[in-house]
1. Looking at segment 285-302, which of the residues that are of a type outside the set (Lys, Arg) and more than 15 Å from residue 323 (Cβ to Cβ) is most open to solvent (accessible area, probe 1.4 Å)?
2. Can you tell me which condition residue 335 does not meet? The list is (1) among the aromatic types (Phe, Trp, Tyr); (2) closer than 23 Å to residue 257 by Cβ; (3) open to solvent by less than 20 Å² (accessible area, probe 1.4 Å), and all the others hold.
3. Wholly within segment 197-238, which strands (runs of 3 or more DSSP E) include no fewer than the required count, namely at least 1 residues that are of a type in the set (S, T, N, Q)?
4. Only one of these is surrounded by 23 or more Cβ atoms within 10 Å (Cβ to Cβ) and under 20 Å from the mean Cα position of the chain (by Cα): 242, 205, 176. Name it.
5. Taking the residues in segment 55-75 that are open to solvent by less than 80 Å² (accessible area, probe 1.4 Å) and within 19 Å of residue 109 (Cα to Cα) as candidates, determine which candidate is farthest from the chain's Cα centre (by Cα).
6. Consider residue 401 carefully, then state whether it is aromatic (Phe, Trp, Tyr) and under 26 Å from residue 47 (Cα atoms).
7. Is it the case that segment 90-106 has a residue that's on the phi > 0 side of the Ramachandran plot and either within 13 Å of the ligand (Cβ to nearest atom) or open to solvent by less than 70 Å² (accessible area, probe 1.4 Å) (or both)?
8. Across segment 333-389, what is the total count of residues that are within 16 Å of the ligand (Cβ to nearest atom), part of a loop (DSSP other than H, G, I, E, B) and not hydrophobic (A, V, I, L, M, F, W, C)?
Amino acid sequence: MGEKFLIQGRKPLSGEIKVKGAKNAALKVFIASLLTDKEWQIYNVPEIKDIFQEIEILKDLGLKIEKEKKGVYKVRAKEIKKTELDSSLSQKIRASIMITGPLLARFGEAKLSYPGGCLIGKRPIDLFLEGLAALGAELKGDKNTIHLTTKGLKGNVFVFPQISVTATECLIMAAALAKGKTVLKNAAMEPEVVSLVDFLNSCGAQIKGAGTPNIEIKGVKKLRGGRYFTIPDRIEAGTFAALAAASKSKVKIRDCEPLHLEVFLKILKKIGVELERGRNYILVRQSKALRSVKVVTHEYPGLPTDLQPPLTILLTQAKGLSLIRETVFEGRLFYTDILNQMGADIIMCDPHRIVIQGPSRLYGRRIISPDIRAGISLVIAALIAQGKSTIENIEQIDRGYEKIEQRLQKIGADIKRVKN
Ligand code: EPU
């Protein structure tokens, strides 16, 4: 079943690799297109599984979505057939919970099954439900179904007890068409949130404060058509930088936004990685001595949790004891077990903390990819390991990284995709 990667490790890497559009930015703009009956064009869309699955969910609701050419889509939600999400489709991607925001705002109703569990933690949805209720949504449904209705959303003040990226985006979309003013406090500040807001404003929304913890939204009656250019994927850029550093290679990472990676790049420097950054590139030079660090994942602008796994691989190659504290998701360190089977020396102190003793030589082996970010990091581990590895369950990696093996081959990696 499926496909797998065959990797021969320790091949010298060099050259340039381009970063694609951000999965977690493009996904939201497709969803937000439900807010208007006008056409949107979305550019620089990564050709990845999560996007394809979301397009399926939206088409099932009745949206017209056409691919004009590679990475360019036309989306229009002129008429929709229903406000209930197909449960088998929507359970595949958690981001589908966000669709409740624009559906309620424009059509007054949204129905879907509870999103399934996830390997990186429980991933509750209470913040979405509380936030939408604050804007005037009524929650019905039963233990399997979320059924939200409203006679019209009204602006309100909502304080997030905990920072959530997708819940912030969902409430922004809902409030964009609500009556009156909404204030979101303790909102997420991620570049993907800012990019969504900038685009909504270009279509006539009135939103201030994105990129700060306080976002003010003045509801408007309608949004216009528009063109959105997806921002570069900061997680992909950071992952490539970690790969270059861990493999002690000189690689130029192009078409990225270094300003979205300030803390991660600072940590790389502390580790001893030699970097040069330009307006839209990061050049990682062949690193010499790598040093251990103590780091904590944090909401933006802190160290992104999505870059914790690639950083862990890098730290297996750094001299001394490193400590990583994962504060965002509780299940996001379990893949380190697989790294230990490859020869790393990692102790899990509790589900939120690991200690890495480096440097360790890694050895190739058979690996089953647990989730998207751990999956790509195990590709890095296999690329720096001695010998051959096979990586199975690569559908997880395909969720977020477009044709990754072809792009890695271009910088010299020995990685092949084969049928299982
Ligand atoms: N949380 C709640 N209740 C909620 C929502 C979230 O308790 O209703 C908790 C979560 O359990 C977690 C914390 O809040 O402990 C933060 O999670 P957040 O809601 O910010 O995560 P998310 O919005 O579901 C997005 C990205 C993730 C990324 C996180 C953190 C998208 C589609 N997903 O998820 O990306 O890790 O923010 O930056 O934007 C990935 O791309 O691989 C990925 C997991």
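The values are calculated or read from the model by the stated rules, or taken from the named source; none is laboratory data. What you see is a predicted model, and the numbers here were worked out from it, not measured in a lab. Cβ: placed from backbone, ideal geometry, glycine included. Neighbour counts: every protein chain shown. SASA here: full protein model, heavy atoms, side chains in, ligands and nucleic acids out. Shrake-Rupley method; radii C 1.70, N 1.55, O 1.52, S 1.80 Å.
1. First pass over segment 285-302, keeping only residues of a type outside the set (Lys, Arg): 286-287, 289-290, 292-293, 295-302.
Now restrict to residues that are more than 15 Å from residue 323 (Cβ to Cβ): 286-287, 289-290, 299-302.
On the way: 286: 118, 287: 8, 289: 69, 290: 11, 299: 50, 300: 47, 301: 74, 302: 17 Å².
If we take residues in segment 285-302 being of a type outside the set (Lys, Arg) and more than 15 Å from residue 323 (Cβ to Cβ), then 286 is most open to solvent (accessible area, probe 1.4 Å).
2. (2)
3. Details: elements: 206-208, 214-218, 226-229.
Counting at least 1 such residues, we get 206-208, 214-218.
4. Working: 205 fails: under 20 Å from the mean Cα position of the chain (by Cα); 176 fails: under 20 Å from the mean Cα position of the chain (by Cα).
On inspection, the qualifying residue turns out to be 242.
5. Keep residues of segment 55-75 that are open to solvent by less than 80 Å² (accessible area, probe 1.4 Å), which gives 55, 57-58, 60-63, 65, 71-75.
Now drop any that are not within 19 Å of residue 109 (Cα to Cα), which leaves 57-58, 60-63.
Details: 57: 18, 58: 19, 60: 23, 61: 24, 62: 26, 63: 24 Å.
Selected residue: 62.
6. On the way: aromatic (Phe, Trp, Tyr): yes; under 26 Å from residue 47 (Cα atoms): yes.
Taking the combined requirement at face value, the residue satisfies it.
7. Our first condition is that a residue be on the phi > 0 side of the Ramachandran plot; within segment 90-106, this holds for none.
No: zero hits.
8. As a first pass, look at segment 333-389 and keep what is within 16 Å of the ligand (Cβ to nearest atom): 333-335, 350-353, 369-380.
Add one more test, that the residue is part of a loop (DSSP other than H, G, I, E, B), and what stays is 333-335, 351-352, 369-371.
Checking the rest, the ones that are also not hydrophobic (A, V, I, L, M, F, W, C) come to 335, 351-352, 369-371.
Count: 6.
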